[in-house]
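Before any comments, here is the structure.
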Amino acid sequence: MIIRHFEIKDIKALQKYRYPDKNDLEVLKMINEWNMGGCSGRYFEMFSAVHAGQVVGEISLHENTKDSVSVGIHIFEPFRKKGYGTFCLKFAIKKALELKYPYLICLAEKNNLIAKHTLIKHSFVPMNDFINPKGAEITNYKLALLKK
């Protein structure tokens, strides 16, 4: 398993598993924006999770505040329950530590028991629940990385 930035060769996988309504040029534009390394003056990176040459998911890291970075992990449907999410979470923790953020934030749907178990197993603490704009119940998890 490797984690890398998205490349042109990933367009078809992204269309198949994540963005079926976007054409090649739209996906290429997204990849180019992701690979710029920032958004609105804040840290941002998007990575692909690749196993045996196949893109199996994506990881986004973006700065919330000067003290925290948020991670979003999306494993594509056919590749779930194979440990890829845990691998991606460990990568995100390592990357946040390298960047010297004191806290890592992760949101998960309240009914996603696999995500909940994985986050708690890696010392994330549930902070609060809320309803997102799509109507899903979400739990906000926080991991202390560095002592302040």
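Worth a mention:
- Within the range 54-80, residues that are buried (at least 16 other Cβ atoms within 10 Å of the Cβ) sit with their Cβ atoms under 7 Å from residues that are of a type in the set (Ser, Thr, Tyr) and assigned to a loop (DSSP other than H, G, I, E, B), at 6+ positions apart or across chains, in these pairs: SER68/TYR101; VAL69/TYR101.
- Residue selected from the range 1-53 under the condition open to solvent by less than 50 Å² (accessible area, probe 1.4 Å) and in a loop (DSSP other than H, G, I, E, B), by the criterion farthest from TYR84 (Cα to Cα): GLY37
- So ALA13, is it under 26 Å from LYS142 (Cβ atoms) and among the small types (Gly, Ala, Ser): no
- Flag for CYS88 being touching a residue at least 60 places away in the same chain (Cβ under 8 Å), within 19 Å of LEU145 (Cα to Cα) and surrounded by 12 or more Cβ atoms within 10 Å (Cβ to Cβ): yes
- Within the range 114-148, the set of residues being among the charged types (D, E, K, R), more than 18 Å from the chain's Cα centre (by Cα) and outside any strand (DSSP E or B) comprises LYS134, LYS147, LYS148.
The values are calculated or read from the model by the stated rules, or taken from the named source; none is laboratory data. This one's a predicted model, so the numbers in the text were calculated from it and none came from an experiment. Ideal geometry is used to build each Cβ from the backbone, glycine not excepted, and the neighbour counts take in all protein chains shown. Ligands, DNA and RNA are stripped out before the accessible areas are found, and what is left, the full protein with its side chains, is counted by its heavy atoms. Shrake-Rupley method; radii C 1.70, N 1.55, O 1.52, S 1.80 Å.
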